[in-house]
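Student: One structure follows; several queries about it will come next.
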């Protein structure tokens, strides 16, 4: 594989990303709204995601062992089937779903652990130094296109249904179909059945000779809001303001347009030497979004916040992905140890997310109307990106 040329299996991996992103974008943003519609209780949503984030790292590490001992495809396929099971359970429980919010969160945590373990290994295997920015730029752009269309479709289906909850059941059904289709397509990915030892200690507790990896792990603790927390908080806040799922979907779609354009530009122009510059711009834009939480919140204000955040995400995220993969490639003693390092990175990330969710639960108890607590949380998550940048900027892979 020459520099900038994508791996032959990258197309299959990107297609799988597209299918799963379609399912996620279609209804994931509406799950928190769904619980809110049923119970009108912000703490129910918080406890649901607390369970997700608490369970995910344990399963992530276990799925790494499964990948090393058997096949990297097993955890990925298990994740796809569990995603279908999660939405099928929502369909079966219907309005009783909120009574089992924590149990459903634990199920989704198991799902994420298996699914993202497989995805991260694929992303590592189909990229190398010099083309990671290009691959992740393609992936972000593809995700952006899907995330533009899917929330609008989901919001329209829910808003135009004779009974809004019936609309939710419809989008959950479409998500199940997407995940089952991805499961079938996964058989086009090559197997890797060689048995290998699973030694997690060096990756999980890096020594002084692993300075870059120690910094990457510390940064993971601070980056919690990037993955999912921003999405469900912003979607819930938009619903509180508009009480219309179509507006929630429209906000997600407009954010996707900004992400598409930014991802294409960054994927084509970023080089290993320019990563820090792009990350700085991402930090500035996210901080600008955070300051909006001190202003009067209107639909227009939320739109501007969403545009700034979705533009900052690929500016910072593409560079961060490339840095992390380069650090793993440089630190792992053997190529097969990538699975241990990918799994270990999830532990500080999960700890950060659990702490954020505990903060949100505390804010939900303190501010019963929910909106003020969400404002405070969004501002803090935006501000944390300064610390993330400061840690990543110290790595040798960032300095070139």
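Just so you know, all these numbers are worked out from the coordinates, no wet-lab data involved. Everything quoted here is computed from the prediction, not taken from an experiment. Neighbour counts are summed over all protein chains in view; Cβ atoms, including those assigned to glycine, are modelled from backbone coordinates with ideal geometry.
Student: State the label only: which of (i) -0.29; (ii) -0.58; (iii) -0.42 corresponds to log10 I(q)/I(0) by the Debye sum over Cα atoms at q = 0.07 Å⁻¹ computed from the shown model?
Tutor: (i)
Student: When ranked by the protection proxy of mean other Cβ atoms within 10 Å per residue, highest first, what sequence do the peptides 309-322, 286-299, 141-154 form? Intermediate results must be reported in sequence, preceding the final value.
Tutor: Working: 309-322: 25.2, 286-299: 15.9, 141-154: 22.0.
Ranking the peptides 309-322, 286-299, 141-154 by packing returns 309-322, 141-154, 286-299.
Student: What order do you get for 172, 53 when you list them from fewest to most C-beta neighbours inside 10 Å?
Tutor: Working: 172 23, 53 26.
Lowest count first: 172, 53.
Student: Related question: Where does each of 36, 281, 188 land when they are ranked from fewest to most other beta-carbon atoms within 10 angstrom?
Tutor: Values: 36 20, 281 15, 188 12.
With the sparsest Cβ surroundings first, the list reads 188, 281, 36.
Student: If the viscosity is 0.692 mPa s and the temperature 37 °C, what Stokes-Einstein diffusion coefficient in µm²/s follows for the stretch 10-128 when Rh is the Kirkwood radius over Cα pairs?
Tutor: Values: Rh = 15.0 Å.
This corresponds to a translational diffusion coefficient of 219 µm²/s.
Student: Still on this structure, I have one more. Any idea how far the Cα center of the stretch 331-393 sits from the one of the stretch 206-271, in Å?
Tutor: Taking the Cα centre of each part, the stretch 331-393 and the stretch 206-271 sit 11 Å apart.
Student: Per the Kirkwood definition applied to all pairs of different Cα atoms, how many angstroms is the hydrodynamic radius of the stretch 230-287?
Tutor: Values: mean 1/r = 0.0752 Å⁻¹.
Every distinct Cα pair counted, the radius reaches 13.3 Å.
Student: Enumerate the whole-percent occupancy of each 5 Å bin, from 0 to the last occupied one, for all C-alpha pair distances of the stretch 295-345.
Tutor: 4, 18, 17, 13, 11, 10, 9, 8, 6, 4, 1
Student: What is the angle, in °, between the Cα long axis of helix 10-39 and the longest principal axis of the Cα atoms in the chain? Nearest 10 is fine, range 0 to 90.
Tutor: Between the helix axis and the principal axis of the chain, the angle is about 30 degrees.
Student: Now, a different point. If I take the Cα coordinates of the stretch 196-353 and project them onto the principal axes, what are the three extents in Å, biggest first?
Tutor: On the principal axes, the stretch 196-353 reaches 52, 32, 27 Å in Cα extent.
Student: Of the residues 379, 300, 30, which exhibits the maximal mean-square fluctuation in a Gaussian network model of the chain defined by a 10 Å Cα contact cut-off?
Tutor: 300
Student: Just the Kirkwood number for the stretch 318-388, please: inverse of mean 1/r across all distinct Cα pairs, in Å, one decimal.
Tutor: On the way: mean 1/r = 0.0689 Å⁻¹.
Hydrodynamic radius (Kirkwood, Cα pairs) of the stretch 318-388 is 14.5 Å.
Student: A further question on this structure: Using only Cα atoms, what Kirkwood radius does the stretch 260-321 have, in angstroms? Provide the component values of the computation, followed by the final result.
Tutor: On the way: mean 1/r = 0.0830 Å⁻¹.
Radius from the Kirkwood sum: 12.1 Å.
Student: In cubic angstrom, how much convex hull volume per residue do the alpha carbon atoms of the stretch 267-378 span?
Tutor: Numbers: hull volume 13.1 nm³, N = 112.
It is 117 Å³ per residue.
Student: From the helices alone, meaning DSSP H stretches of at least four residues, give me the mean residue ellipticity at 222 nm for the chain, per-run term -39500 (n - 2.57), in deg cm²/dmol to the nearest 500.
Tutor: -27000 deg cm²/dmol
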